[in-house]
Amino acid sequence: MENKKIFVNFKMHFSEDEVSCYLQNIRGKIKCKDVVFFPSNLYSYMFLKEHYKVGLQNIYKENVGAYTGEVSAYQASSMGIEYALIGHSERRNLFHEKNSDIAKKICVATENDVTAVLCVGETKKERLFHREKKVVKKQIKEALKNIKTGEYLILAYEPIWAIGGMESLCLKEIEAMVLYIRKIIQKYFPNVVIPILYGGSIHEENIKELLTLKEVDGFLIGSASLDFKKLLKIIEVAVPM
């Protein structure tokens, strides 16, 4: 079995001292290159100094300009940051990001050799009304309409209602959605294998079960990663070294 990718999203957690303590506790214990950290922008340099792969939790849709408070893929690339989360449900819901904005962000990311991690997923209501495939297809279609290559692209399927909690889809439901997503993106990039991650209520108790999903290439982990002990347990199982 190939190692799964583990993408760690800290969101807006930790102070500088807490990051320093976290890094001290994991130092020398994560040697696999399939682990990528997404800290707050302020602390990216701390993970880069430790030679971890790093991503941004968000980027702006332009490379340079008078956009106070924003960070670009151009700037990220210049620092050695290789990834960027784009279209996360919290960005869509809290900051009202549209699919058109997400499409522009993916373009600037790939133009700067930054791998765009496109996040897609449905709400609980959309799933209850069996609209999850329609919703996800629209998100992907509108986000990728101007992308010419899939070389710098990863998809992350996160059912919105499962993020940060203990509720999750059953294995068959996850597998079905990932297979559906794979069929959609193969139409855009038939000659490129696009990795697909799953996110939503992933923790040390269910990681072994989730590893049986052959179509899932890795996991996007949020709340469970805030405890370094839990993260190390997940990594130990998912990416044995």
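Residue-wise HN-Hα couplings along the stretch 196-201, as the Karplus relation 6.51 cos²θ - 1.76 cosθ + 1.60 with θ = phi - 60° gives them from phi, are 10, 9, 10, x, x, 6 Hz; Gly and Pro carry x.
Checking the Cα-Cα distances for Lys31/Lys124; Lys11/Lys61; Lys137/Lys229; Lys104/Lys230; Lys5/Lys137; Lys31/Lys183 against a 31 Å cut-off, the pairs over it are Lys31/Lys124; Lys137/Lys229; Lys104/Lys230; Lys31/Lys183. For Gln24, neighbours were defined as the other residues whose beta-carbon sits under 12 Å from its Cβ, and their charges (Lys and Arg +1, Asp and Glu -1) total -1. Taking amide H positions as modeled 1.01 Å from N, with prolines and chain starts lacking one, the residues under 5 Å from Phe219 and 5 or more places away or on another chain are Lys5, Ile6, Phe7, Tyr198. Each of Thr115, Thr149, Thr123 has some number of other Cβ atoms within 10 Å of its Cβ, and from fewest to most they run Thr149, Thr123, Thr115.
Taking the Cβ of Glu215 as the centre, find all other residues whose Cβ is under 14 Å away and add up their charges (Lys, Arg: +1; Asp, Glu: -1).
In short, +2.
Couplings for the stretch 182-187, taken from phi via the Karplus curve 6.51 cos²θ - 1.76 cosθ + 1.60 with θ = phi - 60°, read 4, 5, 5, 6, 5, 5 Hz in order; Gly and Pro are left as x.
Per-residue ellipticity at 222 nm computed for the chain from its helices equals -11000 deg cm²/dmol, with DSSP H segments shorter than 4 residues left out and the rest contributing -39,500 (n - 2.57). Residue exposure proxy: Leu211, Leu197, ordered by other Cβ atoms within 10 angstrom of their Cβ from fewest to most, comes out as Leu211, Leu197.
With θ taken as phi - 60° and the Karplus curve 6.51 cos²θ - 1.76 cosθ + 1.60 applied, the whole-hertz 3J(HN,Hα) list for the stretch 104-117 is 5, 5, 5, 4, 5, 5, 5, 5, 9, 6, 9, 6, 7, 9 Hz, x standing for glycine and proline. Backbone amide hydrogens, once placed in the peptide plane, bring Lys53 within less than 5 Å of Phe37, excluding anything fewer than 5 places away on its chain. Maximal additional length on extending the Glu215-Asp113 stretch stands at 34.2 nm, based on 0.36 nm per residue less the C-alpha distance. Backbone amide hydrogens, once placed in the peptide plane, bring Val71 within less than 5 Å of Tyr60, excluding anything fewer than 5 places away on its chain.
Relative to the globular-protein estimate of 2.2 N^0.38 Å, the Cα radius of gyration of the stretch 29-154 stands at 1.11. Here the Kirkwood formula puts the hydrodynamic radius of the stretch 5-238 at 17.9 Å, using every distinct Cα pair. Among Leu179, Leu48, a tally of other beta-carbon atoms within 10 Å of each Cβ gives an order, fewest to most, of Leu179, Leu48. Gyration tensor over the Cα atoms of the stretch 124-210: the corresponding equivalent ellipsoid has semi-axes (square roots of 5 times the eigenvalues, largest first) of 24, 16, 11 Å. Its relative contact order, with pairs defined as Cα atoms under 8 Å and 6+ residues apart, puts the chain at 21 percent.
Each reported figure results from applying straightforward, stated rules to the coordinates on display, with no laboratory input. The model shown is predicted, which means the values in this text are computed figures rather than measured ones. Cβ atoms come from the backbone with ideal geometry, glycine included; neighbour counts cover every protein chain shown.
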